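Trainee: There's a structure below that I have some questions on.
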Number of protein chains: 2
Amino acid sequence: MITIHGMRASGNCYKLQLLMAHLGQPYHWVDVDSAHGETRTPQFLAKNPNGKVPLLELADGRVLPESNAILCYLAEGTSFLSADRWLRAQTLQWMFFEQYSHEPYVAVARFISGWLPPDHPRQLELPRLRERAHQALAVMERELAQRDFFVDGHYSVADMALYAYTHTAPAGGVELHDYPAIRGWIARIEAQPGYVAQQS
Amino acid sequence: MITIHGMRASGNCYKLQLLMAHLGQPYHWVDVDSAHGETRTPQFLAKNPNGKVPLLELADGRVLPESNAILCYLAEGTSFLSADRWLRAQTLQWMFFEQYSHEPYVAVARFISGWLPPDHPRQLELPRLRERAHQALAVMERELAQRDFFVDGHYSVADMALYAYTHTAPAGGVELHDYPAIRGWIARIEAQPGYVAQQS
């Protein structure tokens, strides 16, 4: 059985819980509290020198970091990752978009708003983070106005990657009122068989 | 024939020039000067709503953004992207590491140092960017002390993705003196058949 090292409050970790729930597969879960230094211990750094969760650990001890790489690995051979070369490229495209143009704004705005004290200096970052978050959401809205899910209209790991932080964007002061296509897509994902909400 | 829309000074665009040179395949190149707004024109945004280069355009008009998704697409079926499920996951892991933990520091330090005036307010970001860049380089150094290339010891698109900005890190004030394994890896890449240097 696989083990997932993760933190429940992290959207990057929730992605994997969501995929595993859809797949209906059991797994071990090991809580790692990165907010209290548990990703910086010698034991954890031996598994992932980059000091981040989530981390996948196979039964034979091999480990794989990076949430979106793990999603692709676990979804191989399932309906959540196409075998078609072009559709795989589209899937990856949205996953790289998520990690570069979306998560650093949507997730970080949520972190600063929800985890740091109101007088923390990083609160000053929020206006710029929210502006960039809305730029990412506008790109998503335009795409989702044309199709139900990001890749060929079928629910895939690209949707899971983008859903993880998008559905909690309002917690970072990034409202979704102006994005009807995104809100419809969120509702479609939450109606998928096996869907589980994020535990916090 | 494929078309690559890109800017020669961009490491993300250079990744694709490097892969195509190794593959020995011809392609059209269209210069897009993102520093002068050419990724924000209506014509370009119709192709890539995220307003970034590089952008791959196939002969039939289909387009694909995101440098690392393009690398994977173009390398499919070649020695630069393994067909093995675990090794593909490793490849993706390093490519997501590159876009999340490496490029936003190594590339942005180079941009601020080389393209913005000395009195620009973003110069204040440099100490933190350089610190994070060195954290990423330390992760790479540890890996490259154990193997010649990132994935199973074989030269792959993961190496090309990480090489693009690593070899120009000193231009951003991020020196490579303390990373002998990285310097050896850079030399190995530059000795590969078909290697081309970045044009600027």
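Laboratory data are not the source of any read-out in this text; all were calculated from the coordinates shown. What you are looking at is a predicted structure, and each value in this text was computed from that prediction instead of being measured. Here Cβ is always computed from backbone atoms with ideal geometry, including for glycine, and neighbour counts include all displayed protein chains.
Trainee: Relative to a virtual label point 7 Å from the Cα of A:Ala197 in the Cα→beta-carbon direction, which members of segment A:132-176 show backbone nitrogen distances below 13 Å?
Mentor: A:168
Trainee: Can you compute the helix-only [θ] at 222 nm over chain B? Use -39500 (n - 2.57) per DSSP H run of at least 4 residues, normalise by all residues, nearest 500 deg cm²/dmol.
Mentor: One gets -14500 deg cm²/dmol as the mean residue ellipticity at 222 nm.
Trainee: Which percent of Cα-Cα pairs in segment A:37-116 sits in each 10 Å bin, short to long?
Mentor: Percent of pairs per bin, in order: 16, 34, 36, 14, 0.
Trainee: OK, next. So, in nm, how far is label B:Thr41 from label A:Glu131 when the simple model puts each one 7 Å beyond its Cα toward the Cβ?
Mentor: Computed distance between label sites B:Thr41 and A:Glu131 equals 2.5 nm.
Trainee: Tell me the net charge near B:Ser34. Cut-off is 9 Å between Cβ atoms, B:Ser34 excluded, with +1 for each Lys or Arg and -1 for each Asp or Glu.
Mentor: 0
Trainee: How many nanometers, to one decimal and shortest first, lie between the label point of B:Gly184 and those of its other copies, if labels sit 7 Å from Cα toward Cβ?
Mentor: Going from nearest to farthest copy, the values are 5.7 nm.
Trainee: Would you mind listing the distances between the B:Val63 label point and the same position in each other copy? Use 7 Å along Cα-to-C-beta, nm, one decimal, shortest first.
Mentor: 4.1
Trainee: Starting from 0 in steps of 5 Å, tell me what percent of the Cα-Cα pairs of segment A:3-75 lands in each bin.
Mentor: Histogramming segment A:3-75 at 5 Å steps yields 3, 18, 31, 28, 14, 6, 1 percent.
Trainee: Further question: Which of the lysines could a cross-linker bridge to B:Lys47, judged by Cα under 30 Å and excluding same-chain residues fewer than eight apart?
Mentor: Reachable lysines: A:Lys15, B:Lys15.
Trainee: Would you compute, for the Cα atoms of segment B:85-190, the largest minus smallest coordinate along each principal axis and list the three values in descending order, in whole Å?
Mentor: 47, 26, 20
Trainee: Using +1 at the Cβ of each Lys and Arg and -1 at the Cβ of each Asp and Glu in chain B, identify which of B:Gln198, B:Leu19, B:Tyr100 lies farthest towards the dipole's positive end.
Mentor: Result: B:Tyr100, furthest along the dipole toward the positive end.
Trainee: Please give the per residue volume of the convex hull enclosing the alpha carbon atoms of chain A, rounded to a whole number of Å³.
Mentor: Working: hull volume 23.9 nm³, N = 200.
So the per-residue Cα hull volume is 120 Å³.
Trainee: Starting from the Cα gyration tensor of segment B:143-200, take the square roots of the eigenvalues, sort them a ≥ b ≥ c, and report rounded, prolate or oblate (rounded when a/c is under 1.5, otherwise prolate if a/b is larger than b/c, else oblate).
Mentor: Oblate.
Trainee: Let me ask something additional. Taking a label point 7 Å out from Cα toward Cβ, give me the nm distances from B:Leu87 to the same spot in the other copies, shortest first, one decimal.
Mentor: 2.6
Trainee: Let a ≥ b ≥ c be the square roots of the eigenvalues of the Cα gyration tensor of the protein assembly as shown; is it rounded (a/c under 1.5), or, if not, prolate (a/b larger than b/c) or oblate? Present the calculation step by step, with values, prior to reporting the outcome.
Mentor: Numbers: a/c = 1.21, a/b = 1.17, b/c = 1.03.
The shape class here is rounded.
Trainee: Mind jotting down the distance between the C-alpha centroids of segment B:25-60 and segment A:107-121, whole Å?
Mentor: For segment A:107-121 versus segment B:25-60, the Cα centre distance is 35 Å.
Trainee: Report the antiparallel proportion of the DSSP beta bridges in the protein assembly as shown as a percent, rounded to a multiple of 5.
Mentor: 65 percent
Trainee: Using r as the Cβ-Cβ distance of A:Trp29 and A:Asp84, and R0 as 35 Å, what FRET efficiency do you calculate, to the nearest 0.05? Show your work: numbers first, answer last.
Mentor: Working: r = 32 Å, r/R0 = 0.92.
So, using R0 = 35 Å, E works out to roughly 0.65.
Trainee: Which of the aspartates and glutamates could a cross-linker bridge to B:Lys52, judged by Cα under 13 Å and excluding same-chain residues fewer than eight apart?
Mentor: Here the aspartates and glutamates satisfying the reach criterion relative to B:Lys52 are B:Asp31, B:Asp33, B:Glu38, B:Glu66.
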